[in-house]
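Reading through the structure tokens given below for one structure.
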Amino acid sequence: MLLRRRITLSINVLILLFGSIIMLAPLAWSLSTSLKEKKNVFDLPPKWIPNPATFANYKGVWAEAPILHGFLNSATIVVFVLTIGLFVSTMAAYAFAKVDFPFKETIFMCLLGTMMIPYSVMMIPQFIGFSKLDWVDTLLPLIVPGLFGNIVVVFFLRQFMQGSIPTELIEAAKLDGSGFIRTFMQIALPIAKPAIAAQAALGFMGIWNDFLGPLIYLHTPEKQTIQVMIASLQSMYISNSDYPLIMSASVIAMVPVILVFFFCQKYFVESLAISGLKG
């Protein structure tokens with residue numbers, strides 16, 4: 001029995017190791033290419049370790065494109081949408097999970113139905129509406145809709161709160177005279193912290209990597225986000241075969257996402273562990 005467990009564990013470790021290599025290979029190749037000289041990109045056989053390695057491509061990116069503006073614009077969108085939008089989504093999830101009000105299930109089903117509407121259907125009406133508000137070529141079309149929450153986040157946090165926040169705890173808070181806001185802030189938020197952090201990390205990745213929205217609404221180069229700037233670099237330098245410069249910009253754009261997932265990974269595991277508890 002012990003031998004069988006060790007064999008099973010070894011097989012699982014090998015499978016995870018193989019999957020990790022497959023997932024990390026594109027990142028490693030991007031980093032390797034960003035450190036190569038242009039003439040060495042297509043060397044055969046391919047070299048994973050650049051020889052010679054150069055950081056000139058990273059200096060060239062900062063000189064050739066307004067990367068700093070792209071970072072600031074993307075960070076501005078992320079900060080507003082994640083701080084306000086995530087708070088609104090969390091409050092809505094708590095209301096749908098633990099507060100009784102008329103037509104709660106009907107309203108929730110209608111909100112879920114909006115998830116089935118593809119963005120391509122809403123894209124033109126939204127653009128016309130924002131154009132009439134004179135918001136085109138500003139960050140407002142990318143920030144304001146996100147301030148009202150995200151139904152996907154509401155759905156997942158509602159499911160988490162239904163299984164992780166005891167109803168008896170909410171009733172005890174009401175008996176002690178605690179209102180909706182106080183109960184939400186002092187009971188629901190601390191318990192749901194792992195799930196909120198996990199959704200914040202996923203939301204950060206979605207907002208930071210968003211390409212279509214900024215491409216539609218932002219026209220001035222200094223107002224574009226980091227992903228649109230990378231696409232602009234591709235159109236400028238792809239014919240020149242300057243792949244190291246493009247890869248350098250891609251690696252720079254990936255750094256914040258990697259850091260966020262590195263610091264939030266424990267919350268992913270914790271949210272899964274808490275949601276699996278019974279009783």
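The values are calculated or read from the model by the stated rules, or taken from the named source; none is laboratory data. Given the structure is predicted, the values throughout are model-derived calculations rather than measurements. Here Cβ is always computed from backbone atoms with ideal geometry, including for glycine, and neighbour counts include all displayed protein chains. Surface areas here come from the heavy atoms of the whole protein model, side chains and all, with no ligands, DNA or RNA. Shrake-Rupley method; radii C 1.70, N 1.55, O 1.52, S 1.80 Å.
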Q. Suppose R0 equals 30 Å; then what is the FRET efficiency for N40 and V255 from their Cβ-Cβ distance, rounded to the nearest 0.05?
A. 0.80
Q.
Run the helix sum for the chain: -39,500 (n - 2.57) per DSSP H stretch of 4+ residues, divided by residue count, reported at 222 nm to the nearest 500 deg cm²/dmol.
A. -22000 deg cm²/dmol
Q) For the range 6-112, what class follows from the C-alpha gyration tensor (a ≥ b ≥ c being the square roots of its eigenvalues): rounded when a/c is under 1.5, otherwise prolate if a/b is larger than b/c, else oblate? A) oblate
Q: Please list the helices of the chain that count as membrane-span-like by this rule: a mean Kyte-Doolittle hydropathy of at least 0.0 together with Cα atoms stretching 15 Å or more along the helix axis, each helix being a complete DSSP H run.
A: 2-34, 67-80, 86-98, 119-132, 151-164, 193-208, 226-237, 243-275
Q: Hey, can you find the accessible area per residue of the chain for me, probe 1.4 Å, expressed in square angstrom?
A: 61 Å²
Q | Chain lengthening between F263 and K174 when straightened (0.36 nm per residue, less Cα-Cα) | A | 28.5 nm
Q: Return the lysines within reach of K174: Cα separation strictly under 30 angstrom, same-chain partners fewer than 8 residues apart disregarded; answer none if there are no such residues.
A: K98, K104, K193, K278
Q. Roughly speaking, what % of Cα-Cα pairs in the chain are separated by over 27 Å, rounded to a whole number?
A. 56 percent
Q: Using Cα pairs closer than 8 Å and at least 6 residues apart in sequence, work out the relative contact order for the range 121-220, in percent.
A: 47 percent
Q | Within the accessible area of the range 3-50 (1.4 Å probe), percent carbon and sulfur | A | 75 percent
Q) Name the residues of the range 150-182 whose amide N is less than 20 Å from a point 7 angstrom out from the Cα of L112 along the C-beta direction? A) 150-165
Q: Specify the inter-centroid distance of the range 74-140 and the range 38-62, based on alpha-carbon positions, in whole Å.
A: 43 Å
Q.
Starting from 0.36 nm per residue, how many nanometres of slack lie between L133 and A56 once their C-alpha separation is accounted for?
A. 23.4 nm
Q | chymotrypsin sites (Phe, Trp or Tyr not before Pro) restricted to the range 1-101 and DSSP loop, no more than 12 other C-beta within 10 Å | A | F42, W48, F55
**Q.** Extension gain (nm, one decimal) between F103 and I216, 0.36 nm per residue minus Cα-Cα
**A.** 37.0 nm
Q. Using the Cβ atoms and a cut-off under 12 Å, what net charge is assigned to the surroundings of P214, where Lys and Arg are +1 and Asp and Glu are -1?
A. -1
Q) Tell me, what is the FRET efficiency for W48 and M205 to the nearest 0.05, using R0 = 41 angstrom and their Cβ-Cβ distance as r? A) 0.95
Q) What dipole magnitude, in Debye to the nearest 20, does the chain give about its Cα centre under +1 on Lys/Arg Cβ and -1 on Asp/Glu Cβ? A) 840 debye
Q) Once you list every other residue whose beta carbon is under 14 Å from the beta carbon of K174, what net charge do they have if Lys and Arg are +1 and Asp and Glu are -1? A) -2
Q: Would you work out which of P102, I11, Q162 lies farthest towards the positive end of the dipole of the chain, given +1 charges on the beta-carbon of Lys and Arg and -1 on that of Asp and Glu, about the Cα centre?
A: I11
